[in-house]
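Notes follow once the structure below has been shown.
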Amino acid sequence: MDYYLFLIVTLIITLGAQGYLKSTYRRCDKLDSKKGYRGVEVARMILDKNGLSDVSVVSVSGELTDHYDPKAKAVRLSDATYSDHSLAAVSVAAHECGHAIQDKEGYLFLRIRHSIIPLVNLASRAGYIAIMIGLFAGLIRIFWIGILCEIIILVFQLITLPVEFNASSRGLKQLESLNIIEKEEKGNCRSMLKAAALTYVASVAAAILEILRLVLMAR
């Protein structure tokens with residue numbers, strides 16, 4: 001019974017965070033920026049002002065698929081963010097530029113995060129396989145290897161938290177200092193950035209619950 005309770009709580013936390021992000025995004029997406037800057041223009045302004053003219057800004061398909069690619073030195077914005085001038089687009093573009101600034105300055109948690117990505121990719125694949133083999137074959141040691149892999153993924157998610165919150169903080173400061181938004185728009189931009197960051201908090205909580213569930217199964 002405890003297994004199912006953990007599973008239900010995990011689903012509630014995950015779906016709740018995603019729902020909060022999407023509702024906040026839709027609300028801010030309906031609010032046009034008074035300065036009228038599109039996401040691509042916001043990104044270009046922030047990057048150029050921070051000595052990152054070598055970082056490109058490109059459009060990618062999908063919704064909320066925005067991210068910074070450190071290898072390609074590119075801020076990739078979803079189609080809506082790239083071309084729209086809503087407060088949602090402005091906020092998301094600023095956040096991704098925050099990651100580019102982190103990369104330039106060698107932000108510690110970002111460097112650690114990038115360095116362990118190969119290990120995390122291996123753990124995510126091997127962990128699932130080990131858990132399935134351990135569960136169905138009754139091999140408890142293999143099952144515990146799977147749990148260890150899940151813990152590695154949790155550590156990665158914990159390191160991601162300061163990276164995301166710091167990028168949001170940097171992005172909001174850039175929007176203010178470059179006069180991209182009006183003072184009365186700051187609250188909505190902060191709400192948008194906060195909602196995005198909270199999805200990572202939810203991911204950490206869900207990962208902790210999943211590990212606890214697996215430990216109970218192992219015992």
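The values are calculated or read from the model by the stated rules, or taken from the named source; none is laboratory data. Computed from a prediction, not measured in an experiment: that's the story for all the values here. Cβ coordinates were reconstructed from backbone atoms using ideal geometry, including for glycine residues, and neighbour counts include every protein chain displayed. Note: accessible area is taken over every heavy atom of the protein model, side chains too, but ligands, DNA and RNA are not part of it. Shrake-Rupley method; radii C 1.70, N 1.55, O 1.52, S 1.80 Å.
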Checklist outcome for this item: Cβ pairs under 9 Å, 6+ apart or interchain, first in the range 142-155 and open to solvent by 50 Å² or more (accessible area, probe 1.4 Å), second not in a helix (DSSP H, G or I), ordered by first then second residue, are Val155/Ile116
Checklist entry - What are the residues in the range 29-50 that are farther than 24 Å from Ala74 by Cβ and not in a loop (DSSP other than H, G, I, E, B), if any? => result Asp32
Checklist entry - So which of His95, His114 is part of a helix (DSSP H, G or I), at pLDDT 95 or above and within 19 Å of the chain's Cα centre (by Cα)? => result His95
Checklist entry - Looking only at the range 15-31, which residues are open to solvent by 50 Å² or more (accessible area, probe 1.4 Å) and out of contact with any strand residue (DSSP E or B) (no Cβ under 8 Å at 6 or more places or on another chain)? => result Leu15, Gln18, Tyr20, Lys22, Ser23, Arg26, Arg27
Next on the checklist: Please go through the range 18-50 and give me each residue that is more than 16 Å from Ser191 (Cβ to Cβ) and small (Gly, Ala, Ser), ordered by number.
Outcome noted: Gly36, Gly39, Ala43
Checklist entry - Are any residues in the range 169-190 in contact (Cβ under 8 Å) with a residue 12 or more places away in the chain and surrounded by fewer than 18 Cβ atoms within 10 Å (Cβ to Cβ), and if so, which ones? => result Ser169, Leu178, Asn179, Glu182, Lys186, Arg190
Item to check | Pick from the range 51-88, criterion within 23 Å of Glu185 (Cα to Cα) and part of a loop (DSSP other than H, G, I, E, B), ranking: most open to solvent (accessible area, probe 1.4 Å) | outcome: Glu63
Next on the checklist: Just to be sure before I move on: is Leu5 closer than 29 Å to Val204 by Cβ, open to solvent by 60 Å² or more (accessible area, probe 1.4 Å) and assigned to a helix (DSSP H, G or I) in the structure I sent?
Outcome noted: yes
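Do we find that Arg38 is surrounded by 19 or more Cβ atoms within 10 Å (Cβ to Cβ) and of a type in the set (D, E, K, R) in this structure?
Here the answer is yes, as Arg38 does meet what is asked.
Report whether or not Ile133 is of a type in the set (A, V, I, L, M), open to solvent by 60 Å² or more (accessible area, probe 1.4 Å), in a helix (DSSP H, G or I) and out of contact with any helix residue (DSSP H, G or I) (no Cβ under 7 Å at 6 or more places or on another chain). Quick ask: steps written out before the conclusion?
Values: of a type in the set (A, V, I, L, M): yes; open to solvent by 60 Å² or more (accessible area, probe 1.4 Å): yes; in a helix (DSSP H, G or I): yes; out of contact with any helix residue (DSSP H, G or I) (no Cβ under 7 Å at 6 or more places or on another chain): no.
Judged against the criteria, Ile133 is not a match.
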Item to check | Among (1) closer than 21 Å to Glu164 by Cα; (2) at pLDDT 95 or above - the single one Arg38 does not satisfy | outcome: (1)
Next on the checklist: I'd like to know if the range 164-186 contains one or more residues that are of a type in the set (A, V, I, L, M, F, W, C), in contact with a Leu (Cβ under 9 Å, 6 or more places away or on another chain) and outside any helix (DSSP H, G or I).
Outcome noted: yes
Checklist outcome for this item: Being at pLDDT below 90, over 30 Å from Asp32 (Cβ atoms) and in a helix (DSSP H, G or I) narrows Ala206, Ala123 down to just Ala206
